[in-house]
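Single-structure report; data block below.
Values in this text are rule-based calculations from the coordinates and carry no lab data. Source: prediction; values computed, not measured. Counting neighbours? That spans all protein chains shown, and the Cβs are built from the backbone with ideal geometry, glycine included.
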Amino acid sequence: SSTLLNMLTFALLFQLGKRIIDTRTAFFAVALLGIFGFASSAMTELRPYPMLITITTALHLIFYLWIKHPSGRLMVIYVMIGVAGLYTHFFSVFIFPVHALFMLIFVRYDRKLWCNSLLMWLFIGLSFTAWIVPFLYVILVPFPGGIYYAIPEGLVGLEILYRRIRFEPEIIQHFLLTFSLFAPTLLLTHKTVHHPKFRLYKHWGLLYPLSI
C-alpha cells in the first residue's frame, strides 16, 4: 500500500512541478524527493506518513490549480482532501498556514479569492472539532508534555536527525548545500515578469534550490 501511495506522490509532484515551471523542473523535483533521506524513511514506514505525504502533495497541486482557475469543484476537492489530511495525521494542519503564506507573497490580492480560501480552511477546521477534546486528552493526560520520541535532546539528537534527513549519496548532499549558497545571488539577476494571478512569477524556478 505504501508503494502505491509513493508512486502516486511522485506522479502528483511531477504534475505540480510541470504546471508551475516546466517538465525538466518536475523531473528534478521527483529526483530530489527520491534521494531525500527523511522522505525515503517516512514513505516506507508502517504508519500514516506515506499517506500524509501523498495528501500534502495533492493539496499543493489542487490549491495551485484552484488559484489559477477558481471553481466550486476544486474548492470541494480541496476541502475533502484537507479533511482526509487532518484525519490521517494532525501534522497536516501546518499545510494551511503555508498556503496562506504563499498567497500573501506570490498571489496578487483578490478579495474573493481570499474569502473563498478562508471559507475552505474554516470548513476543514470545523471537520476536526469533534476530535479536539479527545486529542487534547491524549496529549495532556496519558502523555503530559507530549509524546516522547527516541531521538535524544541536544547536539547528539541534532546529529542523529541530520543523518536521517540528508540526501543520499553524500556527494549530492554537499553539492546541493553548496549550490544553495549561491541561489540568492541568482535571484537578483532575474527580472520579474508580469502575470495576471501571481507576483514574482519569474523567480519561482529558484524556489527549489532556495528551499534546500
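Observations on the structure shown:
- Region 28-36 - phi-based ³J(HN,Hα) in whole Hz, Karplus 6.51/-1.76/1.60, Gly and Pro as x: 4, 5, 5, 5, 5, 5, x, 9, 7
- 3J(HN,Hα) from dihedral phi, region 116-130, Karplus parametrisation 6.51/-1.76/1.60, rounded to Hz, x for glycine, proline: 5, 4, 4, 5, 5, 5, 5, 4, 5, x, 5, 5, 9, 4, 5
- Listed peptides 23-35, 123-135, 58-70 by packing density, highest first (mean Cβ within 10 Å): 58-70, 23-35, 123-135
- Amide H contacts under 5 Å for residue 107: 199, restricted to partners 5 or more places along the chain or on a different chain, H placed in the peptide plane at 1.01 Å from N.
- Cα-only Debye scattering, region 1-137: base-10 log of I(q)/I(0) at q = 0.14, 0.16 Å⁻¹: -0.70, -0.90
- Dipole magnitude for region 1-149: computed about the Cα centre from +1 point charges on Lys and Arg Cβ and -1 point charges on Asp and Glu Cβ, it is near 440 debye.
- Region 1-148: relative contact order in percent, alpha carbon pairs under 8 Å with at least 6 residues between: 19 percent
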